[in-house]
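Just so it is clear, none of the values below were taken in a lab; they were calculated from the coordinates. It should be emphasised that the depicted structure is a prediction, and the values quoted were computed from it without experimental measurement. Cβ atoms come from the backbone with ideal geometry, glycine included; neighbour counts cover every protein chain shown.
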Amino acid sequence: MLYNIITAGILYVNRVKMIKVVRLLIYICLGLSTPLYGYAEKKVLILCSYHQGYVWTDELNRGILTALKKSGLDLDIRIEYMDTKHYYNGQYFSILNSIYKYKYSTDKFNIIISCDNDALKFLSLYRGDLFPGTPVIYCGINNYEPSLVSGQSNCTVVAEEYNLKEIFDNILHLHENVRNIFVVSDKTTTGTNMEKVLADIIPSYENRLSFHIENDLTEETLLEKIKVLPDDTAILLVSFLKDKNGKSFDHIKVTKLISDNSPVPVYGYISYLLGYGIVGGSLKSPFRHGEITSNLAIDVLKGKNINSIPVMYEKFDTNFYDYNQLKRWNINKNILPAGSVIINDPFKFYYENKRKLLSIFIIILIQTAIIILLISNVVKRKKVQRRLTKAKCELESKNEEIQSVVYAASHDLRTPLVNIHGFYKLNKEYFDKLNQFISANINLKEMSEEISHIINEKIPYAFNIVFSNILRMDTLLNGLLSVSRIGDIKISLEYLDMNCLIANILNQMSFQIKENNIKIDVAPNLPQCYSDRDMTIQIFTNLISNSIKYRNKQTDSFIKIFGYRKDESVYCVEDNGIGIPQEYKDKIFELYHRLNPKDSKDGEGLGLTIVKRILFRLNGRIWVESEKGMGSKFYVALPKDRVK
Amino acid sequence: MKLDIDRKKIIIIADDDDDSYILEEIYLRKTDIKNQIIRFCDGEEMIDFLKQEEIKGDPLWEKYIILMDIRMPKIDGISVLEFMKKNSCLQKTPVIMVSASSNPNFIAQCRNLGCSDYFVKPFDFEKAKEIKNNYL
């Protein structure tokens, strides 16, 4: 068959699809091969007394199945629910017998796991007939007595023990004031059985606890009674699956209902109620019971003789508590028995992973510290870098300035010097000539006209020039000093009302302005700036005085001052003066540079140099828009705000 | 005689400093030269004048000898020199730089551009005689 498929496949496909087909064949082979190993499987029957949905049964089965799956054995597991909580009589048992006979006559089970007392009762009647020779493990057996399995071989028992004594001891330990136990029970098998057990225990608590058992109440009367329980009471919920009216209850839901309505703590004895209102303590765990049973079954499946396994009793060595209930009843965690497990504990994760958390916390702390360190480092570096850039800028400009000073010194400062030198030499020549005349002593009278010309005109003229050049030299040196001093003046920055400041300057210069008949127009809304008052006054004084100096004498002069605000506060001093040709726009800011030296003898060529230098110190800048004969617009930009 | 006067070179002095100009004029006159002396106060005036002469196409420009300062307003002497040496008509005109600066950089720059001489101020009788002997 497989061969035919492969052949047909190969004939059908072309080369391109070959790889896909090969892959497909591999999958088919793998798929077919799986059941080949299945022949070694073992058959297991789980026979439950009760029904699916009954929490005890479900938890027990979960325990059994979990352990079976963990075993790694290849198992075929069947589960039967006898449902004896709903149907329980001899006729029903014989019907079940016929059904199982019909179903399992051909099946040979390797082991049967029987759960709870009813299944044991059933199997003790029909086991020989239904499953002859099959080993059985009876689990969940209450009130175990050897007589229960008398006459049966090939079987063992996992018995349920009652933990009521542990629960009462626990209550007395946790609540000093409790003297009464209010027992909630019902008329079901569980309830009746538990009451029997209780009856045996009660005498041992004489003088310590008194018991009040209710087993025939409706839901309403139960809740009413619970609500008025005195403080020295604790509730023990044994069973409330059916009330007086025959109404059925879910074990978990009823626990929650009682706990929510109770003014006193509620105790139970089964683990799956934990988290639904019971405080906790030593609890029976059907899940654990199932696991224990399953482990025995696995031993048997692996070849252990079932008759060699003694009857087992479930142990209650771990206490379980609900954090919410502990909190509700103000129970200190420290007084709980050692090794107790607390569920719903929001700090559980912390307690369990204290060390890991601590190390993670420390690592995060260290990392944070490192990050902070790095960030602060980066910030520091950036700050230093910024300062460095500024320093570099300053240094470059200083360098440029030195260059310009050297240039100025070699030309402009030397000019008066060489003039003095030149005219000194000239005068020396005149004196030599006079000496010649005197020593020669000839024709003095004839020469007297020339002598008096030299003495009265030529020599004084040369001396005048020498003197004026000395004065000029002095002026130039003073100017140079004043420029260089700008770098040393202390700056005190403040917010300046520029309208007020400009008005003061114009007031100071009112004589010059009136004298030259200049129309002044200042915009009323000049933006404020963050600057040094005296330096700012100097800037605008120089600019306005330049505008006056370089006015066009042929027309009526005006000066307009306006401003606007962008990234910085910008001010413009506009005039209709002689203007600046394109090619000199940069030169006008140079040391000693004068636009028209012939026209204006009064300038030193320092005004704009000073302005530029001041603006450098104030973090401002200056630029000019102008054309020859068209007037000039000098723009000054100053910081509008404190620099961060 | 008339021809002779016409042939005399015109001395152009370009210097913004009055006193320097006066000194140059005094010493040049002391050498008994009768040549006409024209003065310009900055490089711009100078270049404007030269351009006009060029447009005229008059060969008179060959008759000029120029004494020029370096540091002048608007256009400096080195730029004027550069302009002249690039211009085929003005190339041959002798240019003598007369500057207050003895900066070797400037001297080398002017020499490279093709100035005929470089005098460091102050101007004196010796320099005036040299000009008279070499260029007039």
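Here the spin labels are modelled as points 7 Å beyond Cα on the Cα-Cβ line, and at residue A:431 and residue A:261 they lie 13.6 nm apart. Mean per-residue shielding of peptide A:424-433 is 2, counting Cβ atoms of other chains within 10 Å of each Cβ. Stretching residue A:225 away from residue A:328 to a fully extended chain increases their span by 35.0 nm, per 0.36 nm per residue minus the current alpha-carbon distance. Choose one of A:148, A:86, A:102: the residue whose Cα lies farthest towards the positive end of the charge dipole of the range A:41-159 (beta-carbon charges +1 Lys, Arg; -1 Asp, Glu; about the Cα centre). Result: A:102, furthest along the dipole toward the positive end. Only Lys, Arg, Asp and Glu carry charge here, each on its Cβ (+1 for the first two, -1 for the last two); on that basis the protein assembly as shown has a dipole of about 1640 debye about its Cα centre. Think of chain A as having a plus end and a minus end, set by charges on the Cβ of Lys, Arg, Asp and Glu; of A:509, A:358, A:281, A:509 sits farthest toward the positive end of this dipole. The helix-based estimate of mean residue ellipticity at 222 nm for chain A, built from -39,500 (n - 2.57) per DSSP H run of four or more residues and divided by its residue count, is -16000 deg cm²/dmol to the nearest 500. By DSSP, the beta bridges lying fully in the protein assembly as shown are antiparallel in about 30 percent of cases. Rounded to the nearest Hz, the phi-derived 3J(HN,Hα) couplings of the range A:555-563 under the Karplus curve 6.51 cos²θ - 1.76 cosθ + 1.60 (θ = phi - 60°) are 10, 6, 8, 9, 10, 10, 10, 9, x, where x marks glycine and proline.
Across 5 Å bins from the origin, how do the percents of Cα pairs in the range A:283-395 run, short distances first? Binned Cα distances yield the sequence 2, 8, 9, 9, 8, 8, 7, 8, 7, 6, 4, 4, 4, 4, 3, 2, 2, 2, 1, 0, 0.
Computed over the alpha carbons of chain A, Rg followed by Dmax gives 57.2, 181 Å.
The ranking of A:255, A:189, A:66 by Cβ neighbour count inside 10 Å, starting from the fewest, reads A:66, A:189, A:255.
Here each label is just a point 7 Å from Cα along the line to Cβ, and for residue A:79 and residue A:553 those points are 11.9 nm apart. Taken over the Cα atoms of the range A:354-509, the convex hull encloses 190 Å³ per residue. Relative to the longest principal axis of the Cα atoms of chain A, the long axis of helix A:354-408 makes an angle of roughly 10 degrees. In the range A:498-583 the Cα-Cα distances spread across 10 Å bins starting at 0 as 16, 50, 28, 5 percent of all pairs. Hey, what angle do you get for helix A:286-301 against the long axis of chain A, alpha-carbon based, 0 to 90 degrees rounded to 10? Long axis of A:286-301 versus the principal axis of chain A: about 70 degrees.
For residue A:218, nonlocal amide neighbours, meaning residues 5 or more places apart or on other chains whose placed amide H falls under 5 Å from its own, are A:244. Taking amide hydrogens as placed 1.01 Å from N in the peptide plane, the amide H of residue B:64 sits under 5 Å from those of B:10, each at least 5 positions away in sequence or on another chain. On the basis of the beta-carbon distance and an R0 of 35 Å, residue A:177 and residue A:361 show a calculated FRET efficiency of 0.30.
Close amide H contacts of residue A:82 (hydrogens built in the peptide plane, cut-off under 5 Å, sequence separation of 5 or more or a different chain): A:48, A:49, A:50. If I fit a long axis through the Cα atoms of helix A:498-508 and take the longest principal axis of the Cα atoms of chain A, what angle between them do I get, 0 to 90°, rounded to 10? Roughly 10 degrees, rounded to the nearest 10. Between residue A:510 and residue A:307, the distance separating the two model label sites (each 7 Å from Cα on the Cα→Cβ line) works out to 13.6 nm.
Provide the FRET efficiency to the nearest 0.05 for the residue A:212-residue A:642 pair, computing r from the beta carbons and using R0 = 60 Å.
So, using R0 = 60 Å, E works out to roughly 0.15.
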